[in-house]
Structure formats: C-alpha cells, structure tokens
Amino acid sequence: MTATATRPERITRNGGRRLVDLVARVRELGILAALAALFGVTGAVNPSFLTYGSLRDILLNTAIVAMLAVGQTLVVITRNVDLSVSSVVGLSAFGGALVLADNPGVPIPLVIAGCVALGAACGAVNGLLVGAAKVPALVATLGTLYAFRGIDYAVAGGRQVNAADMPDGFLSLGTRSVLGVPLLALVALAVLLVVGWMLRNLRSGRELYAIGSNPEAAVLAGIQVRRRIMAAFVANGALAGLAGVMWAARFGTVDATVATGKELDVIAAVVVGGVAIFGGSGTVYGAALGALLLASITSALAVLRVDALAQTAINGALLIAAIVLDRLLALRVAAALRRRRFHDDN
Amino acid sequence: MEDTPVLALSGVSKAFGAVRAVRDVSLELYAGEVHALAGENGAGKSTLVKILSGVHRPDTGQILLDGAPVEFAGPADAQQAGVAVIYQEPTLFPDLSVTENIFMGRQPRARLGIDRRAMRASAAELFTRLGVQLDPDQPARGLSIADQQLVEIAKALSRQARVLIMDEPTAALSGKEVARLFGVAKALREQGCALLFISHRLEEMFELCQRVTTLRDGAFVASDMIADITPDDLVRRMVGRELDALFPKQETTAGEVALSVRRLTREGVFTDVSFEVRRGEIVALAGLVGAGRSEVARAVFGIDRWDAGSVEVDGKRLRPASPTAAMAAGLALVPEDRRQQGLVMDLSIERNIGLAGLAALHRGPLISRLAERQRAKDWAVRLQLKFARLTDPVNVLSGGNQQKVVLAKWLARKPSVIIVDEPTRGIDVGTKAEVHRLLSELAGTGVAVLMISSELPEVLGMADRVLVMHEGRLVAEIDRADATEESVMAAATGRTAA
Ligand SMILES: Nc1ncnc2c1ncn2[C@@H]1O[C@H](COP(=O)(O)OP(=O)(O)OP(=O)(O)O)[C@@H](O)[C@H]1O
Ligand SMILES: [Mg+2]
C-alpha cells in the first residue's frame with residue numbers, strides 16, 4: 001500500500017522494473033547455469049560430449065523442438081494449450097515428403113510453403129474450435145491430436161517415404177551448415193528472434209499476454225480476444241508445419257507415425273523455460289532455452305550411458321524442479337515488493 | 001445547456017433471465033456536465049454502465065451518440081466512439097506492468113513497434129496529475145484495492161474520451177485521493193467532457209454533479225438538477241420511503257477483554273501495535289488508506305504471519321499464521337476485498353453464506369442442505385439481499401449485494417470477536433443503517449467488534465473507542481466523548497504524537 005495521502009510529490013520509483021526484469025532474467029540465467037553445469041560435468045566425465053559433432057547433434061535435436069516451443073508459447077501465453085502439434089508435424093512431414101517423392105522436379109520452396117500453409121490450416125481448425133466455438137483448448141486440441149494423426153494414417157495407408165525417394169537438394173537442407181552451424185538451428189534461431197521481437201514490441205504481442213493474464217479484462221479493454229487467440233493457434237500451426245518439413249529433411253525416412261508424442265517434450269520445454277502454464281507471462285527465449293536444456297540432457301545421458309528409462313524420470317524431475325523454482329521466485333517477489341513499498345513510503 | 005446530449009439512452013431495458021435489471025430507462029449525458037446515477041444496491045446502475053460501454057446489448061431501446069442511434073457490438077465500439085469507463089470492479093492484468101495496463105491496446109507507436117519510453121512517460125505524467133506515487137514499471141499484481149482503483153482512473157483518463165463513466169470510483173479511496181479525483185473530474189468537465197458518476201456517498205454527488213438520475217429496482221424514477229433537490233429528496237427517490245439517519249450505537253457496558261493484541265509487528269508493514277477490544281464494545285480502527293489497518297487485521301486473523309508480538313482471544317494465545325486456529329477461537333474477519341478474499345465467485349449464494357460455518361450445518365457426517373438454505377434465507381432477508389434465486393452464483397450479484405453476502409457469511413457464524421474491514425463499502429444508504437444496526441446488536445449480545453472504516457461519520461457514530469493508525473503505527477486512542485472529525489483526522493495524518 002502507498003500512503004499517498006500523507007506525502008508530498010516524489011519522483012516515481014524505479015525499483016519495480018528492475019525487480020521484474022531481474023526475475024525474468026533469473027529464470028533464464030537459471031537455465032543457462034544448469035546448461036553450464038551439465039556441459040561441465042558431462043564434458044569432464046566424457047570429453048567426447050564437447051566435440052564439434054556432438055554439439056552439432058545437440059543443436060540439430062534442439063532446433064525442431066525449440067521451434068515448436070516458440071509456437072506453443074504463443075498459445076500458452078493466452079491461457080490455452082495446443083496438444084495437436086505433434087500430429088501437425090507428422091502430417092506436414094509426411095505430406096511434404098510424399099509430394100517430393102511423387103513429383104520429382106517440384107520446386108522445393110513451393111513444398112515448404114505448402115507445408116507451412118497446411119500447418120496454418122490445422123492451426124486455424126484449432127483456433128476456430130477454441131476461439132469461436134469456445135471448446136476448452138485441452139479438449140479441442142486433444143481431439144485434433146487424434147484427428148490430424150488419423151488423416152495422416154489415412155493418407156499414408158502404411159506407406160513410408162525413404163530418403164532415396166527425395167531430391168538431394170531437399171535432404172541437404174537437413175544436413176547443411178553455415179559457418180559450422182546447422183542450417184536448421186539457424187532457421188529456428190531466426191524464428192525465435194522474430195517471434196520474440198514481435199511479442200515484446202507489437203501491440204498484438206502484448207495483447208496475447210493481456211488475454212492470458214485476465215481474459216475478462218481483455219474483453220473490456222476492447223481487445224479482439226477471439227481474433228488474437230485464432231492468430232496464436234494459426235501461427236503455432238504454421239510453425240509446426242515448418243517443423244514438419246525440417247523433420248523430413250533431417251531424417252529422410254518418413255512414415256505416418258512421425259513425431260508421435262513430441263507434444264509432451266514441447267510443453268515440457270515451455271514449462272521448464274518459465275512460461276506460466278496459466279498464461280500471462282513467460283518469453284519465447286525461455287521456452288527455447290528450455291528446449292535446449294532438455295535436448296542437452298538427453299544427449300548427456302546417452303554419453304554417460306544412463307539407461308534410456310531413467311531419462312524420462314530425469315526429465316520429470318527437471319519439470320518439477322522448474323515449477324518449484326517458479327513458485328519460490330513468485331513468493332520472493334511478493335515479499336520484496338511488499339518490503340520495498342513500505343520502505344519507499346517511509 | 002439544452003443542446004443535444006453527447007451520449008444518451010432512450011427507453012433501454014435489459015433482462016438477465018428472469019431478472020429485469022434495467023427497465024425502460026432514459027438518460028442524457030451533456031458535454032460539460034457531471035451526471036450522477038443514484039440507486040440502491042442492485043438498482044441496475046452497473047448494468048446501465050455496461051450497456052453504455054458496449055458490454056451488454058440492450059434488449060429494447062436505443063443508444064444515441066450525438067443524437068443519432070448507434071449500436072455498440074462490443075467494448076471496442078464504445079471506445080471508438082469516445083466512451084471511457086471505470087468499472088466497479090478493477091479489470092487489471094496482474095502479470096503486466098502498471099504502464100502496460102493503462103495503455104493496453106492503444107500503446108503509442110514508434111517507427112518500429114511500441115514506443116516504450118513515451119508510454120512510460122505518459123503513465124508517470126498521469127500519476128503526477130492524480131497525485132499518486134506508483135511506479136509505472138511495477139506489476140499490477142499485489143496492488144492494494146485503492147491503488148488498483150487509481151490505475152483504473154489513470155487508464156480511463158489516458159483515453160482522453162468525450163464521455164467518462166465512473167462506477168463507484170471512490171469506494172476504495174480516502175479523502176485526499178477523492179479530492180484529487182474530483183479536481184481532475186472538474187477540469188475535464190470544464191474542457192467539455194461529459195461525465196457519469198456513481199457513488200453511494202450522497203455528499204460526493206452533491207459536490208461534483210449537476211444532474212442526477214435515480215433508479216429503483218431497475219426502473220427510472222426521476223432526473224433532476226442537483227441544485228433543485230436536497231439529499232433527503234434524493235434518498236426518498238432511491239429508497240421510496242423515509243429513512244433514519246446513520247444508526248447510532250446503543251450504549252452497552254463493556255465486559256472482559258475478548259481480543260488482546262500485544263506489540264504485534266510484521267516487518268515492513270506495521271510496527272508495535274497493541275490494543276484490546278472488550279466484549280460488547282465496538283472499537284474503530286481509523287486511518288488513511290495504506291496506514292496498515294487491513295494488514296493488522298489480516299495478521300490477527302492469521303492470514304499473514306507476524307514477526308513479533310502476540311494475539312490473545314479470550315485469554316488464550318493464538319497460534320500465529322493459522323486462520324483455522326483463529327476461527328476455532330471464535331474470531332471472524334470480514335475482509336475488505338470481497339472478490340478475492342471474501343467469496344467463491346462461482347459458488348451459489350447459499351453455499352457462500354454457509355461456507356464459514358459449515359460445522360453448524362452438519363447433521364451427522366453430512367452437511368444439511370436444508371439447514372444451509374434456511375440460514376441463507378434468514379440472512380438474505382435481514383440484509384435485504386437482492387437476488388433471483390439462492391442457487392445463483394454470487395458473481396451475477398451487484399457489487400453491493402456481494403458485500404452483503406460476505407457479511408452474512410461471517411455473521412452467521414456467531415463469532416465472539418468479529419473484525420469487519422470496511423463493512424459498508426459499496427453498500428447503499430438504506431442497508432448501511434441496517435449493517436450498523438446489526439453491528440450494534442452484535443455488540444449488545446456481548447460480541448467484541450473491531451471495525452476498520454475510512455468513513456468518518458461511520459467511525460464517529462458507531463465506535464466506543466477510536467484507534468488511529470498512521471504509517472504502520474498506532475498513534476492515538478480516542479474515547480467516544482473526545483472523538484471528532486478533527487481529532488481523528490489530525491492523528492491519521494500524523495499531526496499528533498501518541
Ligand atoms: N450477468 C448477470 N447475470 C444475471 N443477473 C445479473 C447480471 N448482472 C447483473 N445482474 C442483476 O441485475 C441487477 C442489477 O445489478 P447491477 O450490478 O446493475 O446493480 P447496481 O445498481 O450496480 O448495484 P450496486 O450498487 O450494488 O453496485 C441485480 O439484481 C443483479 O443481480
Ligand atoms: Mg454496481
């Protein structure tokens with residue numbers, strides 16, 4: 001509380017910003033610290049973890065999940081969730097691969113654009129269900145998770161597209177590097193920076209946070225809530241579509257089961273990255289770092305020869321640790337705000 | 001002055017199911033005029049506001065903008081037309097900064113994206129204009145209700161609207177802040193803005209407004225120039241009958257000490273607070289908004305922990321930070337923030353009333369729905385609650401009626417010590433007297449009452465003793481005989497030493 005009535009005018013304080021920024025940074029710094037520890041320890045035990053090839057693999061593994069995590073963040077910020085991304089990735093990967101295999105000579109950029117459009121269309125279906133028909137996102141996207149996968153199976157009819165069926169120009173997208181950095185990682189990085197900038201600097205970006213923070217107030221503020229939620233789902237779908245092509249280019253062998261279950265990795269990355277699952281706060285940078293951390297752990301455990309089953313448990317433990325950390329930080333901030341306000345008043 | 005109104009309603013009605021919230025109401029807002037909207041709790045004031053702001057669509061009737069009929073499909077349309085609204089309940093985004101809250105959807109733009117610096121500067125400027133000290137970068141989460149209300153006011157002002165609608169903006173503010181707000185409102189009036197003002201405090205309407213429209217049970221009663229009527233006329237129009245003045249407390253003899261607070265300190269919030277409340281006594285805790293009164297109440301009740309000191313109820317020390325222990329000892333707290341602390345908004349009226357006293361409703365291992373309903377019915381009648389069905393969720397009730405449900409919930413427990421935080425905030429004149437009568441009656445039956453109130457007439461009329469807090473410390477204890485507006489205000493503003 002501010003005892004506004006009793007004090008002469010004073011220059012407005014500046015501590016709140018620093019505090020809030022600090023927390024956001026602490027969150028991301030925390031992940032960086034965890035990454036540093038992970039690389040330090042694993043590298044000390046087995047130096048092959050720090051070789052160029054190993055690091056390159058980690059970046060490649062991160063790229064696709066990070067891109068999906070960036071898209072998912074857009075949706076989660078609005079207090080929704082999209083479980084169907086893995087199916088969209090599957091549909092896009094198989095669809096793209098099939099077109100490339102059946103039509104030699106088709107322009108690759110056209111195929112990529114088509115896959116992105118396909119993803120966006122899937123996102124639009126989710127957006128309509130959630131934004132317009134008011135179906136809770138959890139249920140709606142669980143439904144489309146199965147529906148999109150079903151379409152994928154129907155189209156595939158048990159077929160599998162192999163690397164040999166696809167043009168080399170396409171496959172090289174998945175393996176090429178620019179200045180030693182895998183192209184796919186660069187694409188993901190570009191997406192991350194663009195989306196991150198938009199969320200921070202565009203009105204529409206800020207409105208996504210507002211919607212997740214207090215949906216009723218967003219309506220009263222005159223925000224086009226439905227349209228924004230639609231847009232978040234469409235953007236997420238488009239990124240999933242792009243991730244699908246990347247998948248096909250990277251792995252070369254594609255069937256109808258591609259990316260099954262990946263949605264959980266994506267959501268885990270988002271949560272570990274500090275995006276509030278009830279909307280309103282979090283950044284895409286955090287989500288991408290979360291994806292990087294999870295991918296690094298998976299690689300590290302492989303290098304350390306830890307049982308694959310234990311990996312799942314470790315990911316789970318990490319999730320819980322992230323949530324506990326968030327809780328503690330929130331309490332600290334509340335206490336700090338309280339104390340600061342009082343001291344400033346007196 | 002009889003030119004075309006900037007914004008007008010003509011023959012507007014709105015029903016929610018069977019509840020006819022607004023019936024055939026007409027209202028004209030003129031440029032350069034502050035128009036008051038008066039009526040009891042549930043009279044339909046907020047519903048009318050929401051029709052003007054495009055939240056609700058009228059079932060019948062028209063909205064006229066500069067004399068021409070318009071349709072508002074949503075709040076965005078009304079904003080486009082130059083209507084800014086301060087809603088009764090704050091509508092903030094807790095995760096975003098105060099600045100972003102003010103400018104959401106209309107952030108100033110630079111060549112590339114939002115111009116944060118300009119936005120922050122405008123927010124700081126607004127706060128200076130309102131005379132408040134808020135950090136523009138602070139998140140809205142955790143703001144006191146008064147500060148939330150101030151942010152709402154800043155938000156509405158920043159729209160530079162032609163029509164400014166304020167639904168009980170002063171309910172949570174103290175005198176000084178109200179004066180500031182009125183200063184700003186009068187300046188806007190001079191600039192030709194049309195204002196609509198809602199308050200349950202008659203003196204505020206008479207100070208600020210030129211015209212007043214009265215509603216009763218959703219229906220239009222009268223529209224008068226303020227200069228032509230007296231406060232008594234207005235009350236008669238609102239209530240439809242004569243009303244006794246503020247209810248003075250009956251004389252009771254104070255019994256033994258029921259609540260004893262010793263050197264209570266919560267670091268950074270309040271320091272070294274000691275006082276006693278005896279059975280049959282009403283003790284008021286006065287002070288400015290932000291002096292730490294509600295915080296003391298929360299700590300005593302065990303919601304917040306304290307760092308030093310002790311609390312005793314009927315001679316037994318309370319376990320710190322345990323509302324359960326406090327309740328078991330016979331303590332009750334009617335909190336100031338009804339939406340967040342007092343009610344489960346989605347539960348029914350009867351459930352909410354039953355919540356605090358579930359033990360009394362047990363028949364064997366189960367809760368008796370019948371007893372629950374009976375209790376809710378009793379209290380609904382006593383507090384003149386306006387509702388459709390007891391099974392309706394409380395979030396469809398009007399603001400004042402929600403407050404009544406909170407009161408009923410705690411009064412129904414028959415506590416031995418009750419702490420009421422701003423018991424009549426947002427409550428209409430008729431029921432206010434009723435609440436005062438209830439508190440007095442409670443004291444008469446030997447309950448110790450600690451009443452936090454920012455309304456001086458209420459404090460002076462009700463309290464046997466007045467404790468005054470200033471900046472987290474108890475600075476004065478004034479007996480009923482010596483308590484005057486001057487003595488209490490002097491202590492509250494820190495002009496006397498304890
Ligand atoms: N969304 C809704 N659904 C159902 N009933 C509603 C809804 N909104 C308001 N009402 C009912 O309409 C009536 C008028 O409510 P309104 O909020 O306009 O009163 P008010 O005059 O603002 O009262 P107060 O002074 O207590 O704020 C009340 O009986 C209320 O229960
Ligand atoms: Mg109201």
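Every read-out reported here was derived from the displayed coordinates using simple, explicitly stated rules and does not represent laboratory data. Keep in mind the model is a prediction, meaning the values are calculated, not measured. When we count neighbours, we look across all protein chains shown, and the Cβ atoms used for this are built from the backbone with ideal geometry, even at glycine.
For helix A:308-345, report the angle its Cα long axis makes with the longest principal axis of the Cα atoms of chain A; keep it between 0 and 90° and round to the nearest 10°. Between helix and principal axis, roughly 20 degrees. Our summary gives chain B a relative contact order of 16 percent, counting only alpha carbon pairs under 8 angstrom and 6 or more residues apart.
Across all Cα pairs in chain A, the calculated P(r) in 10 Å bins from zero up to the longest distance comes to 6, 23, 30, 24, 11, 4, 2, 0 percent per bin.
With only the Cα atoms considered, the stretch A:165-278 has a convex hull volume of 135 Å³ per residue.
Taking 16 Å as the straight-line reach from the Cα of B:K316, none of the lysines fall in range once those fewer than 8 positions away in the same chain are excluded. Our helix-only sum for chain B, with -39,500 (n - 2.57) per DSSP H run of n ≥ 4 divided by its residues, gives a mean residue ellipticity at 222 nm of -9500 deg cm²/dmol. Counting only DSSP beta bridges with both residues in chain B, the antiparallel share comes to about 55 percent. Centre-to-centre separation between the Cα atoms of the stretch A:187-253 and those of the stretch B:147-173: 32 Å.
Using C-alpha pairs below 8 Å separated by at least 6 residues, the relative contact order for the stretch A:202-346 is 19 percent. Semi-axis lengths, largest first, of the ellipsoid equivalent to the stretch B:257-492 are 29, 20, 16 Å, with √(5λ) applied to each eigenvalue of the Cα gyration tensor. By its C-alpha gyration tensor, with a ≥ b ≥ c as the square roots of the eigenvalues, how is chain B shaped: rounded for a/c under 1.5, else prolate for a/b larger than b/c, else oblate? In terms of gyration-tensor shape, prolate.
Under 20 Å from a label point set 7 Å out along the Cα-to-Cβ vector of B:D304, the amide N atoms of the stretch B:456-498 belong to B:467-476, B:492-494. Can you give the % of DSSP beta bridges in the protein assembly as shown that are antiparallel, to the nearest 5? Taking every DSSP beta bridge within the protein assembly as shown, about 55 percent pair in antiparallel fashion. Of all segments of chain A bounded by trypsin sites (Lys or Arg not before Pro) found in a DSSP loop with no more than 14 other C-beta atoms within 10 Å, the longest spans A:177-304. A DSSP coil position with no more than 11 other Cβ atoms inside 10 Å describes the following GluC sites (Glu not before Pro) in the stretch B:36-127: B:E71.
For the stretch B:257-492, the antiparallel share of DSSP beta bridges with both residues in that region comes to about 55%. Pairs B:K377/B:K432; B:K14/B:K404; B:K186/B:K386; B:K14/B:K176: which exceed 29 Å Cα-Cα? Pairs exceeding the cut-off: B:K186/B:K386; B:K14/B:K176.
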